[in-house]
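Asks: Structure incoming, see below.
The values are calculated or read from the model by the stated rules, or taken from the named source; none is laboratory data. These numbers were taken from a predicted model, which means no experiment stands behind them. Neighbour counts run over all protein chains shown; Cβ positions are idealised from the backbone, glycine included. We work out accessible area using only protein heavy atoms, side chains counted, and drop any ligands, DNA or RNA first. Shrake-Rupley method; radii C 1.70, N 1.55, O 1.52, S 1.80 Å.
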Amino acid sequence: MAVTGQPGDARALWSWALYDWANSGFATTVMAGFFPVFFKEFWAAGLSPTDSTFQLGLANSIASLCVVVLAPLLGALADRAGAKKRLLALFAYLGVAMAASLFWVAEGAWPLALLVYALGIIGFAGANVSYDALLLDAAPRERLDRVSALGYAMGYLGGGLLFAVNVAMVLRPGWFGLADAAQAVQVAFLTVAVWWGMFSLPVLLFVEETAPRLPPRPGGLVRGTLADLGETFRHVRRYRYAFLFLVAYWFYIDGVDTIVRMAVDYGLAIGFSSADLLSALLLTQLIGFPAAIGFGRLAERWSPKRGIGIAILVYVLAVFWAWQMSVAWEFYTLAVIIGLVQGGIQALSRSFYARLIPRHRAGEFFGFYNMLGKFAAVLGPLMVGWVAATSGDSRFGILSVILLFLIGAAVLTQVDMAAGERQAQAEDRQAGI
């Protein structure tokens with residue numbers, strides 16, 4: 001039997017954070033980096049730039065819609081059966097298998113490439129439902145901001161290190177005994193699978209699900225899970241500030257995810273070289289490591305709400321810059337700016353929400369968190385692709401993302417963190433936790 005740690009135990013904290021290190025290889029090398037480039041130049045070379053942008057945005061949106069349906073069910077099941085780690089393993093290794101499968105997709109087979117990619121996203125996002133919920137099992141409430149930030153920092157560092165090796169493989173394939181850049185990208189997909197699979201093991205071995213599973217309902221596990229989901233739907237508005245935060249998060253994180261998924265495609269569409277784009281993405285990863293740690297400290301000094309607000313403002317200014325940029329150095333500067341806030345807004349969103357929810361129903365509530373985040377991601381990439389295709393100009397597509405940040409910021413101002421925490425803690429006391 002694996003030895004596991006209680007909340008606050010150093011081994012549990014680091015094991016939890018290491019999963020961000022593990023899955024960030026997929027987020028960086030596949031989702032943000034090589035897949036958009038390889039899709040446009042290898043699998044979908046026969047499509048026009050705007051058509052390939054639309055198809056990529058559509059695949060991202062369909063995958064996100066699947067997660068919208070699955071996430072609340074997975075969260076409720078995790079609480080009902082005490083199955084956070086089992087569900088994490090199931091979906092993580094689905095993603096591992098899909099990352100490896102990209103190696104064998106033939107040139108020109110863009111529909112198959114999109115199918116495998118979409119299944120990989122489902123594995124990635126499905127595992128995150130349980131992973132995010134395990135934050136409350138790994139860390140005490142007073143350390144949520146710092147530990148959440150540690151996870152994202154580890155993700156930026158680990159994802160950045162793997163991506164650096166992968167970029168070197170593509171730019172200098174001969175150094176690695178590879179025939180050309182195309183073969184290097186294919187091998188890079190295999191390295192993601194190995195990396196993700198290997199570094200997922202500590203969270204499965206050393207983090208204990210300390211919140212008790214919910215008592216059984218009449219009718220068995222499946223019916224009990226559906227009943228839990230219906231109950232959460234009925235009562236989520238009772239957690240007023242958690243509900244308001246979810247609405248705000250729905251909008252602003254869509255802007256963040258859309259930029260992550262479509263930035264390289266946008267850069268290619270306005271004429272930048274793939275080498276510049278990949279190098280800039282690597283720069284974002286390297287800056288994201290210390291910046292995420294810094295945002296965790298900022299949240300402890302001020303508040304996670306204020307940190308999120310600062311990040312949203314930076315994103316709005318960055319999108320304006322992206323709309324008018326025309327030379328490569330501007331893309332590099334933009335990569336630095338995004339690197340300073342991307343990990344911070346993600347980390348503080350997770351820890352802020354964790355403060356507002358009852359610990360004994362963390363799986364269910366994080367199911368909604370991931371559902372709304374991915375439902376928003378149905379809108380963003382599709383909106384960018386549609387605006388670009390309709391206007392014939394990719395610049396207008398990226399500019400449309402500002403609307404998502406502005407709506408999210410407006411709703412966030414209505415969230416009272418202290419009142420939300422008091423309610424969540426009172427619910428836990430009533431449940432005996």
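Asks: If Glu330 satisfies every condition in (1) among the charged types (D, E, K, R); (2) touching a residue at least 12 places away in the same chain (Cβ under 8 Å); (3) over 15 Å from Trp250 (Cβ atoms) but one, which is the exception?
Replies: Condition (2) is where Glu330 drops out.
Asks: If you go through the stretch 102-118, how many residues are crowded, with 17+ Cβ neighbours inside 10 Å and either in contact with a Gly (Cβ under 8 Å, 6 or more places away or on another chain) or closer than 16 Å to Ala45 by Cβ (or both)?
Replies: 5
Asks: State all residues of the stretch 151-169 that are modelled with pLDDT of 90 or more, open to solvent by 10 Å² or more (accessible area, probe 1.4 Å) and either basic (Lys, Arg) or out of contact with any Phe, Trp or Tyr (no Cβ under 6 Å at 6 or more places or on another chain) (or both); if no residue qualifies, say none.
Replies: Matches in the stretch 151-169: Leu161, Val165, Ala168.
Asks: Quick one: is Gly123 open to solvent by less than 10 Å² (accessible area, probe 1.4 Å) and free of Cβ contacts under 8 Å to residues at least 40 places away in the same chain? Walk me through it before giving the result.
Replies: Values: open to solvent by less than 10 Å² (accessible area, probe 1.4 Å): yes; free of Cβ contacts under 8 Å to residues at least 40 places away in the same chain: yes.
For Gly123, the condition - open to solvent by less than 10 Å² (accessible area, probe 1.4 Å) and free of Cβ contacts under 8 Å to residues at least 40 places away in the same chain - is met.
Asks: Checking the condition part of a helix (DSSP H, G or I) and not acidic (Asp, Glu), which residue from Gln425, Gln414 passes?
Replies: On the way: Gln414 fails: part of a helix (DSSP H, G or I).
The conditions single out Gln425.
Asks: Please work out if Ala354 is under 23 Å from Glu300 (Cα atoms), modelled with pLDDT of 80 or more and open to solvent by 10 Å² or more (accessible area, probe 1.4 Å).
Replies: On the way: under 23 Å from Glu300 (Cα atoms): yes; modelled with pLDDT of 80 or more: yes; open to solvent by 10 Å² or more (accessible area, probe 1.4 Å): no.
Considered against the rule, which asks whether it is under 23 Å from Glu300 (Cα atoms), modelled with pLDDT of 80 or more and open to solvent by 10 Å² or more (accessible area, probe 1.4 Å), Ala354 comes out as no.
Asks: Could you check the stretch 282-318 and list, in sequence order, the residues that are of a type in the set (Phe, Trp, Tyr) and buried (at least 18 other Cβ atoms within 10 Å of the Cβ)? I'd like the intermediate steps shown before the answer.
Replies: Filtering the stretch 282-318 for residues of a type in the set (Phe, Trp, Tyr) gives 289, 295, 302, 315.
Residues satisfying the conditions are Phe289, Phe295, Tyr315.
Asks: If I filter the stretch 57-65 for residues that are farther than 30 Å from Ala362 by Cβ and in contact with a Pro (Cβ under 6 Å, 6 or more places away or on another chain), do I get at least one hit? Steps first, please.
Replies: To start, the set of residues in the stretch 57-65 that are farther than 30 Å from Ala362 by Cβ comprises 57-59.
Narrowing the set further to residues that are in contact with a Pro (Cβ under 6 Å, 6 or more places away or on another chain) leaves 57.
Yes: the stretch 57-65 contains one or more residues that are farther than 30 Å from Ala362 by Cβ and in contact with a Pro (Cβ under 6 Å, 6 or more places away or on another chain).
Asks: Moving on. State which residue pairs qualify: first residue at pLDDT below 95 and inside the stretch 79-97, second residue basic (Lys, Arg) in any location, beta carbons under 9 Å apart, and separation of 6 or more residues or different chains.
Replies: Asp79/Arg213; Asp79/Arg361; Arg80/Arg213; Arg80/Arg217; Ala81/Arg213; Gly82/Arg213; Ala83/Arg213
Asks: In the stretch 97-190, which helices (runs of 4 or more DSSP H) lie fully inside it and hold 2 or more residues that are of a type in the set (Phe, Trp, Tyr)?
Replies: On the way: elements: 110-133, 135-138, 144-171.
Correct list: 110-133, 144-171.
Asks: Also, quick follow-up: Take the stretch 396-406 and flag every residue that is at pLDDT below 80 and either part of a helix (DSSP H, G or I) or out of contact with any helix residue (DSSP H, G or I) (no Cβ under 6 Å at 6 or more places or on another chain) (or both). Steps first, please.
Replies: Taking the stretch 396-406 and keeping what is at pLDDT below 80, we get 396-400.
Residues satisfying the conditions are Phe396, Gly397, Ile398, Leu399.
Asks: Which fully enclosed helices (runs of 4 or more DSSP H) of the stretch 1-93 have 3 or more residues being open to solvent by 40 Å² or more (accessible area, probe 1.4 Å)?
Replies: Working: elements: 10-25, 35-38, 49-81.
By residue number, 10-25, 49-81.
Asks: Restricting attention to the stretch 188-214, which residues are surrounded by 17 or more Cβ atoms within 10 Å (Cβ to Cβ), over 30 Å from Ala362 (Cβ atoms) and hydrophobic (A, V, I, L, M, F, W, C)?
Replies: Passing the criteria: Ala188, Phe189.
Asks: Considering only residues that are aliphatic (A, V, I, L, M), more than 22 Å from Leu150 (Cα to Cα), part of a helix (DSSP H, G or I) and at pLDDT below 75, which ones fall in the stretch 251-279?
Replies: In the first step, residues of the stretch 251-279 are kept if they are aliphatic (A, V, I, L, M); the result is 253, 256, 259-260, 262-264, 268-270, 275, 277-278.
Still in the list and also more than 22 Å from Leu150 (Cα to Cα): 259, 262-264, 268-270, 275, 277-278.
Now restrict to residues that are part of a helix (DSSP H, G or I): 259, 262-264, 268-269, 275, 277-278.
Once the filter is applied, which keeps residues that are aliphatic (A, V, I, L, M), more than 22 Å from Leu150 (Cα to Cα), part of a helix (DSSP H, G or I) and at pLDDT below 75, the stretch 251-279 yields Met262, Ala263, Val264, Leu268, Ala269, Ala275, Leu277, Leu278.
Asks: Also: Of the residues in the stretch 408-433, how many are crowded, with 17+ Cβ neighbours inside 10 Å and of a type in the set (Val, Ile, Thr)?
Replies: Qualifying residue count, the stretch 408-433: 2.
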